[in-house]
Amino acid sequence: MTSAIHLTDITKTFAQVAEKKNGEEHPGITVLKGITLNIEKGEFVALQGTSGSGKSTLLHIIGLLDRPTSGVYKLLGHDASSLDDDRQSDLRNNSLGFIFQSFYLIPYATALENVILPGLYSGKPNGEIQQRAKSLLEQVGLADRMDFRPSRLSGGQQQRVAMARAMLNEPDIILADEPTGQLDSNTSTEIMKLFHSVHDAGRTIVLVTHDEEVAKEAGRVIKLHDGEIAEDVRGMKK
């Protein structure tokens, strides 16, 4: 199979305010320590780890929201670590869809307007964008909530809007950071069904979660500890 995501010896160090201890400057905090990882197209991967393990930082690097301190990152065959900011932005907008724990919906916009938002930068005709947004909201069960603002939607409904928004530009890869973190167990189950639907359509999914039951829904679970891969298990989902 073809690689969707290929990381080689990735490190990430966050600089601290310059401190001197015994006459020496503090080197900063290294949160990723030589991560080497290959994720093939069509895989459903869960990243797990305790707080501070580096899982969200790793997802941000995969999502081109941050750059590694060192190492090589190839995304869909592109040497992402060597691209300038503009080319990274184009690759991110056209190839990646993001889903977050906090939804990040615009409060004064309707569900439909929130889903349409990423399409404004796609160069596609407005009518085409609006039709796809409506179709996606229908697919996630919100055909009768398109004109509702986020304040009138439940947490689960808001996450469905976020999933529809992530799919608008037909990305190859979906990245999700604790997408069920604010949801009850029944709603989480429904959201995971939607993730499986997206995966069954051929998309690659990388999902960060602290929830063991959510992680078991993936076909592969990678556990991080102290910035390193501690465990990589395939065949989790039966």
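If I fit a long axis through the Cα atoms of helix 185-200 and take the longest principal axis of the Cα atoms of the chain, what angle between them do I get, 0 to 90°, rounded to 10?
Approximately 90 degrees, to the nearest 10.
Let me have the relative contact order for the chain, percent, based on Cα pairs under 8 Å that are six or more residues apart.
28 percent.
For the modelled label position 7 Å from the Cα of Ile106 along Cα-to-Cβ, which residues of segment 115-147 have backbone nitrogen atoms closer than 12 Å?
It comes to 115-121, nothing else.
Zone of Glu128 (label point 7 Å along Cα→Cβ, backbone N under 17 Å): which residues in segment 164-194?
Flagged as within label range: 167-172.
Hey, which of these cross-link pairs are over 24 Å Cα-Cα: Lys74/Lys134; Lys41/Lys74; Lys41/Lys124?
Details: Lys74/Lys134 33 Å; Lys41/Lys74 13 Å; Lys41/Lys124 26 Å.
Over 24 Å Cα-Cα: Lys74/Lys134; Lys41/Lys124.
Going by amide H atoms built from the backbone, whose H comes under 5 Å of the H on Gly97, apart from near neighbours?
Ile173, Ile174, Leu175
Could you give the angle, 0 to 90 degrees to the nearest 10, between helix 85-95's Cα long axis and the longest principal axis of the Cα atoms of the chain?
Rounded to the nearest ten degrees, it is 50.
How long, wide and thick is the chain, going by the Cα atoms along their three principal axes, in whole angstroms, largest first?
Result for the chain: principal-axis Cα extents of 64, 40, 38 Å.
Specify the inter-centroid distance of segment 177-221 and segment 55-107, based on alpha-carbon positions, in whole Å.
Taking the Cα centre of each part, segment 177-221 and segment 55-107 sit 20 Å apart.
How many percent of DSSP beta bridges within the chain run antiparallel, rounded to 5?
In the chain, DSSP labels about 55 percent of beta bridges as antiparallel.
Rank by packing, highest mean first: peptides 149-155, 170-176, 63-69, with packing defined as the count of other Cβ atoms within 10 Å averaged across residues.
170-176, 63-69, 149-155
Any read-out appearing in this document is the output of simple, stated calculations on the displayed coordinates, not a laboratory observation. Just so we're clear, the structure is a prediction, and the values are computed from it rather than from any experiment. Neighbour counts are summed over all protein chains in view; Cβ atoms, including those assigned to glycine, are modelled from backbone coordinates with ideal geometry.
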